[in-house]
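A.B. asks: Sharing a structure with you now.
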Amino acid sequence: MKLELRGITKRFGALVANDHIDLVVEPGEIHCLLGENGAGKSTLMNVLYGLYDADEGQILLDDEVQSFDGPGDAMAAGIGMVHQHFMLVPVFSVAENVMLGHESTRGAGVLDLAGARRTVRETADRFGFHVDPDALVEDLPVGVQQRVEIIKALSRDAQVLVFDEPTAVLTPQETDELMAIMRQLRDDGAAIVFITHKLREVRAVADRITVVRHGKVVGEAAPTATDAELASLMVGRAVELTVHKEAPQHRDNALEVAGLTVANADGQVVVDDISFTVRGGEVLVVAGVQGNGQTELTEALLGLQEDVAGSVRLDDRELVGRSVRQILSAGVGFVPEDRNTDGLVGEFSIAENLILDRTDGPPFVRAGSLQLARRDEFAQEKVDEFDVRTQGIGLPVGGLSGGNQQKVVLAREMSRDLRLLVAAQPTRGVDVGSIEFIHQRIIETRDQGLPVIVVSTELDEAVALGDRIMVMYRGKVVGIVPATTPRDVLGLMMAGVAPESEGEAA
Amino acid sequence: MSAPVTRPAPVPAQETGARTIDKVSWKSPIALGAVLVLYVLLMALAPHEGSARFALSTSRDFFQIPVFVVPAMTTAWLGAGVGLLVTGAAVLAARARRRVPLWWISVYAVFLLTGFLAWAAAGSPRDLSVVGLLSGAVVLAVPIVYGSLSGVIGERAGVINIAIEAQLLAGAFSAAVVASLTDSPWAGLLAAMVAGMLVALVLGIFAITYRVVQIIVGVVLNVLVIGLTSFFYSQVLVPNTEMLNATTRFPRLPIPFLDRIPVVGPVLFNQTILAYLMFVIVGVVWFALYRTRWGLRVRAVGEHPKAADTVGINVLATRYRAVLIGGTLAGMGGAFYTVVSINQFGREMTAGAGFIALAAMIFGKWDPVRAALAGLLFGFATNLQNVLSVVGSPVPSQFMLMLPYVVTLFAVAGLVGRSQPPAANGQAYVKE
């Protein structure tokens with residue numbers, strides 16, 4: 001089935017998320033929609049899927065104009081979507097999730113679960129993977145959950161398949177497998193839209209590439225285009241893809257973690273007996289697929305986890321068992337992985353957010369009252385230093401772009417006297433310009449002689465920033481290896497396979 | 001489909017590697033120990049010599065079971081002994097990081113209860129009717145079970161229903177008026193269902209369409225319905241009691257043959273139509289929730305409304321339907337007060353049963369069958385106080401009136417494992 005979008009425009013208030021976008025996807029081709037975070041890719045697909053109403057423009061399938069009132073209509077017309085955040089009910093079984101919304105019944109509304117199980121098995125068999133139809137979705141690894149999403153779309157006879165940032169949660173190996181599935185679907189005649197901002201994947205799988213920037217189509221490219229060409233098209237200027245840094249100058253100060261074990265509220269061990277050392281003047285990147293204990297590791301370092309055993313010594317001071325306040329005072333800077341829930345108070349102003357961590361005394365609080373002039377002076381200084389693009393420090397931080405929000409977090413954390421910097425996913429959901437800035441600041445911090453820990457799920461970032469890379473899998477350390485380790489070795493490590501010879505023992 | 005080009009390797013299963021530490025939970029041993037201490041103090045400070053008479057049969061039974069006569073204090077201390085054993089075992093289990101099984105708690109409860117009853121009934125000239133205790137429990141559980149079903153269905157769809165009390169009270173009031181006017185308890189029941197549904201409709205309009213905080217809507221509805229019914233009661237019903245507030249009640253409907261089985265017969269098979277319907281409806285709701293398309297969709301919108309929306313399910317309509325069905329059921333429960341229990345409406349006569357129903361729903365982990373069982377437990381606790389005042393218990397009746405609420409408190413405090421509400425419970429769904 002041929003998909004055509006003509007002049008799609010979608011506005012949110014003053015913001016034009018999609019500005020007269022045209023796109024044609026032929027059956028039997030993988031069409032890649034490439035663009036930065038916030039370029040309007042997901043908005044466009046939500047319009048296509050009936051989740052948003054377009055303000056202008058038309059959707060055509062096989063040259064017939066469609067009008068979708070909701071996702072139900074889009075699905076009935078043959079459009080299937082594999083969502084970035086899976087649209088699966090965690091406590092339902094695979095079969096229940098697949099049948100939901102188009103349930104086959106044995107009369108009187110009684111579910112035909114046997115039929116649903118058969119559908120799941122048959123669809124899975126076609127692609128040579130196995131999914132237990134009775135397994136609860138919440139018990140499945142994310143890679144398998146994504147396959148359930150694919151089965152869900154295929155069981156509805158989708159002819160146009162949209163993959164929205166599908167690789168964010170996958171290991172490199174799982175990514176390769178996903179691409180094999182996409183190619184197979186294409187060879188079977190499906191029209192595939194692949195949304196991503198990762199250049200490597202685009203070139204691996206795309207038949208055609210459309211680049212979107214600021215809600216507009218800025219060009220088409222062939223899969224033979226180089227990374228640099230695609231990146232400059234995507235960002236609108238030449239982009240430095242590598243991070244410039246000198247060889248690390250090791251100092252004597254260090255963060256030493258020994259036997260760190262963290263259990264969550266259910267008693268599951270999420271960080272399992274981890275030991276490592278980060279010396280002053282080096283960056284250790286904690287790599288791995290999301291959800292393998294990185295979050296809990298960083299939170300344990302800051303004292304946010306409750307059930308912690310083992311030892312964390314920063315410059316010979318024990319941090320385990322201390323309060324967050326004491327740990328911050330000990331000189332730990334912390335960039336949380338989700339700035340919207342943990343890093344910032346969205347309704348507070350930029351200035352308020354910048355002093356959020358130091359409201360317990362002078363200089364910003366005297367005799368219990370805020371020193372507003374001092375606060376604003378400080379805020380203005382930091383906004384200038386960290387190049388936060390804003391109309392004013394009194395505006396709510398929630399209104400800033402992702403990149404500028406992250407700069408506010410970074411500015412606050414770096415303005416204390418630090419002895420350690422922990423940055424979890426510092427560039428997630430951040431535009432390329434801000435990524436360059438943030439990377440540069442992290443390297444500067446390293447060069448000041450601090451130990452730096454960066455958590456990243458993006459292999460490119462891990463390799464670019466790290467002096468050493470520690471890969472985590474299921475709460476354990478698979479290995480700690482130099483950043484020069486080949487990507488395929490790192491990829492295998494992310495799937496839990498320990499490296500044979502490289503690196504030191506964990 | 002053409003032959004696949006690549007066969008992807010299977011993704012490794014999640015099980016391997018993940019280790020768990022079982023956490024020590026002292027909740028059960030502490031609760032069991034605390035109750036035991038209170039019990040022992042009561043027995044030691046106010047011993048009641050004499051014997052207690054437990055009657056298990058009624059005159060209509062096929063055969064008679066003789067009255068059990070037990071020495072009161074021996075039974076009481078036996079109960080304490082078993083209680084101590086279970087508490088000790090619970091401490092050991094907690095040390096070994098194991099969960100205390102529900103049947104241990106059941107044994108503990110049965111023995112302590114028997115001991116307590118023997119103590120309370122000691123020296124009384126009247127028999128303590130076990131049958132009366134149990135059948136009364138079923139009767140009193142009726143509005144609680146209907147109410148808890150209302151909660152279960154609404155919250156499974158993601159709408160918090162604090163307004164069960166209001167639905168019960170509106171049902172009771174409407175049933176009283178309509179049954180009095182028409183002389184038909186059936187008409188009263190129908191009116192109660194409509195009234196419960198109307199309260200649910202108001203809840204739906206504010207909670208689903210206008211996305212007002214659901215707990216606040218529920219609280220306001222409770223206050224509103226109490227106010228409205230009290231006003232109409234004193235202004236309209238009291239001056240016209242003959243015409244508007246004197247109902248014909250549903251008669252008891254003994255099921256021939258079955259009702260004469262000792263113990264079971266009078267407890268289960270000599271009830272009113274409302275109680276029989278209750279058992280049927282609990283089963284139907286269970287089946288509907290877990291085995292039908294309707295139930296799958298209701299649970300989907302309560303767990304992950306966006307996922308339901310993306311497969312073409314109308315989230316708001318599904319929620320409305322669930323809330324309205326729930327309200328109808330709670331209305332039926334409300335009819336209990338004025339066409340089953342007594343024959344007239346009284347001011348605030350539901351007396352918090354809606355909140356107990358809410359507790360039954362939580363205790364029952366949002367499952368209709370478990371919630372119904374919890375409702376029966378609360379009915380039992382309420383009836384215990386009635387029965388004890390009949391045999392002339394030494395405990396002041398005002399004190400015993402707290403019993404159902406104390407049981408509720410223990411239940412909701414999570415004595416029997418964690419209770420996990422539907423993921424999207426209480427969250428209004430906003431379509432972007």
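The numbers here are math on the coordinates, done by the rules we state, and not lab data. None of these values were measured; they are calculated from a predicted model. Ideal geometry is used to build each Cβ from the backbone, glycine not excepted, and the neighbour counts take in all protein chains shown.
A.B. asks: List the residues of segment A:461-488 whose backbone N lies under 13 Å from a point placed 7 Å from the Cα of A:Ser311 along the Cα-to-Cβ direction.
C.D. replies: Zone members listed by number: none at all.
A.B. asks: For segment A:30-126, treating each Cα as an identical point scatterer without solvent, what Debye log10 I(q)/I(0) comes out at q = 0.14, 0.18, 0.24 1/Å?
C.D. replies: The Cα Debye sum returns log10 ratios of -0.72, -1.02, -1.28.
A.B. asks: Now for a separate question. If you build the Cα gyration tensor of segment B:27-125 and take the root of 5 times each eigenvalue, what three semi-axes come out, in whole angstrom, biggest first?
C.D. replies: Sorted largest first and rounded, they come to 30, 18, 8 Å.
A.B. asks: Residue separation times 0.36 nm, minus the C-alpha to C-alpha distance between B:Ala109 and B:Leu316: what's the value?
C.D. replies: On the way: separation 207, 0.36 × 207 = 74.52 nm, distance 4.32 nm.
So the chain would gain 70.2 nm between B:Ala109 and B:Leu316.
A.B. asks: Roughly what would the spin-label model give for B:Leu181 and B:Phe399, points 7 Å off Cα along C-beta, in nm?
C.D. replies: A separation of 4.8 nm, rounded to one decimal place.
A.B. asks: Would you mind listing how long segment A:142-200 runs along its three principal axes, going by Cα atoms, in whole Å with the largest first?
C.D. replies: 28, 23, 16
A.B. asks: Report the relative contact order of segment B:27-125, percent, no decimals, based on alpha-carbon pairs under 8 angstrom and at least 6 residues apart.
C.D. replies: With pairs under 8 Å counted, the relative contact order is 40 percent.
A.B. asks: Same structure again: Debye sum, Cα scatterers, segment A:283-338, no solvent: what log₁₀ I/I(0) at q = 0.17, 0.19, 0.26 1/Å?
C.D. replies: Per q value, in the given order, log10 I(q)/I(0) is -0.56, -0.70, -1.20.
A.B. asks: Pick from B:Gly392, B:Gly302, B:Gly334 the residue whose mean-square fluctuation is largest in a GNM of chain B, springs joining Cα atoms under 10 Å.
C.D. replies: B:Gly392
A.B. asks: As an exercise, use a Förster radius of 22 Å and the Cβ-Cβ distance of B:Leu85 and B:Leu41 to find the FRET efficiency, rounded to the nearest 0.05.
C.D. replies: Efficiency, rounded to the nearest 0.05: 0.75.
A.B. asks: If contacts are Cα pairs under 8 angstrom and at least 6 residues apart, what is the relative contact order of chain A in percent?
C.D. replies: It rounds to 15 percent for chain A.
A.B. asks: Taking chain B, how many lysine pairs are there with alpha carbons less than 25 Å apart, if each pair must be eight or more places apart or span two chains?
C.D. replies: 4
A.B. asks: Please grab the % of Cα pairs in segment B:131-368 that end up more than 28 Å from each other.
C.D. replies: 32 percent
A.B. asks: Let me ask something else. Picking from B:Asn314, B:Asn245, B:Asn222, which is most flexible by a Gaussian network model of chain B using Cα springs under 10 Å?
C.D. replies: Residue with maximal mean-square fluctuation among B:Asn314, B:Asn245, B:Asn222: B:Asn314.
A.B. asks: As a test of understanding, state the convex hull volume per residue of segment A:331-413 from its alpha carbons, in Å³.
C.D. replies: 92 Å³
A.B. asks: Another question, then. For chain B, which span is the longest to avoid every loop-located (per DSSP) member of chymotrypsin sites (Phe, Trp or Tyr not before Pro) having at most 13 other Cβ atoms inside 10 Å?
C.D. replies: On the way: sites that count: B:Trp26, B:Phe62, B:Phe63, B:Tyr210, B:Phe257.
It works out to B:258-432.
A.B. asks: Which value, in debye to the nearest 20, describes the size of the charge dipole of chain A about its Cα centre when Lys and Arg Cβ atoms bear +1, Asp and Glu Cβ atoms bear -1, and nothing else is charged?
C.D. replies: Values: 47 positive and 79 negative charges, 158 e Å.
It comes to approximately 760 debye.
A.B. asks: Any chance you could tell me what percent of the C-alpha pair distances in segment A:216-334 go past 26 Å?
C.D. replies: 43 percent
A.B. asks: So how strong a dipole does segment A:343-451 carry about its Cα centre when Lys and Arg Cβ are +1 and Asp and Glu Cβ are -1, to the nearest 20 debye? Numbers along the way, then the final one.
C.D. replies: Values: 13 positive and 16 negative charges, 46 e Å.
Value, rounded to 20: 220 debye.
A.B. asks: What's the percent breakdown of Cα-Cα distances in segment A:351-391 across 5 Å bins, shortest bin first?
C.D. replies: 6, 24, 32, 20, 11, 6, 1
A.B. asks: Hey, for a label at A:Arg366 modelled as a point 7 Å past Cα toward Cβ, could you say which residues of segment A:376-415 have their backbone N under 14 Å away?
C.D. replies: A:376
A.B. asks: Restricting to Cα pairs below 8 Å that are 6+ residues apart, what does the relative contact order work out to for chain B? Please round to a whole percent.
C.D. replies: Relative contact order here is 25 percent.
A.B. asks: I would also like to ask the following. How much FRET efficiency would the formula 1/(1 + (r/R0)^6) give for A:Glu318 and A:Asp488, where r is the Cβ-Cβ distance and R0 is 45 Å, rounded to 0.05?
C.D. replies: E between A:Glu318 and A:Asp488, to the nearest 0.05, is 0.70.
A.B. asks: Let me ask something else. Run down the aspartates and glutamates and flag those whose C-alpha is under 12 Å from the C-alpha of A:Lys245, throwing out any fewer than 8 positions away in its chain.
C.D. replies: Cα-Cα hits under 12 Å: A:Glu282, A:Glu444, A:Asp447, A:Asp467.
A.B. asks: With only alpha-carbon atoms counted, please give the Rg and Dmax of chain A, in Å.
C.D. replies: In Å, with Rg to one decimal and Dmax whole: 24.4, 74.
A.B. asks: Still on this structure: Which three extents, in whole angstrom, do the alpha-carbon atoms of the protein assembly as shown cover along their principal axes, largest first?
C.D. replies: Sorted largest first, the three principal extents are 97, 70, 61 Å.
A.B. asks: Place a point 7 Å from Cα of A:Glu26 in the direction of its Cβ. Which residues in segment A:63-78 have their backbone N less than 20 Å from it?
C.D. replies: A:63-64
A.B. asks: While we're on this one: Let me know the charge dipole size of the protein assembly as shown about its Cα centre in debye, to the nearest 20, where only the beta-carbon of Lys, Arg (+1) and Asp, Glu (-1) is charged.
C.D. replies: 3540 debye
A.B. asks: Once both labels are modelled 7 Å past Cα along the beta-carbon direction, what's the B:Val263-A:Thr224 spacing in nm?
C.D. replies: 8.8 nm
A.B. asks: Taking the simple approach of a point 7 Å from Cα along Cα-to-Cβ for both B:Ser389 and A:Thr9, what is their distance in nm?
C.D. replies: 7.5 nm
A.B. asks: Considering the dipole of the protein assembly as shown built from charges on the beta carbon (Lys and Arg +1, Asp and Glu -1) around the Cα centre, which of B:Asn425, A:His130, B:Gly354 is farthest to its positive end?
C.D. replies: Looking along the dipole axis, the top candidate is B:Gly354.
A.B. asks: Give the aspartates and glutamates reachable from A:Lys10 as a straight Cα distance under 15 Å; neighbours fewer than 8 places away on the same chain don't count.
C.D. replies: Within the straight-line limit of under 15 Å, A:Lys10 reaches these aspartates and glutamates: A:Asp19, A:Asp22, A:Asp53, A:Asp55, A:Glu56, B:Glu432.
A.B. asks: Over all residues in B:308-318, what is the mean tally of Cβ atoms on other chains that come within 10 Å of each residue's Cβ?
C.D. replies: Averaged over the peptide's residues, the number is 6.
A.B. asks: Moving on to the next point. For segment B:275-432, what mean projected area does the convex hull of the alpha carbons give, in nm²?
C.D. replies: Seen from a random direction, the Cα hull of segment B:275-432 projects 11.6 nm² on average.
A.B. asks: Which value, in nm² and rounded to one decimal, describes the direction-averaged projected area of the C-alpha convex hull of chain B?
C.D. replies: The directionally averaged projection comes out at 28.2 nm².
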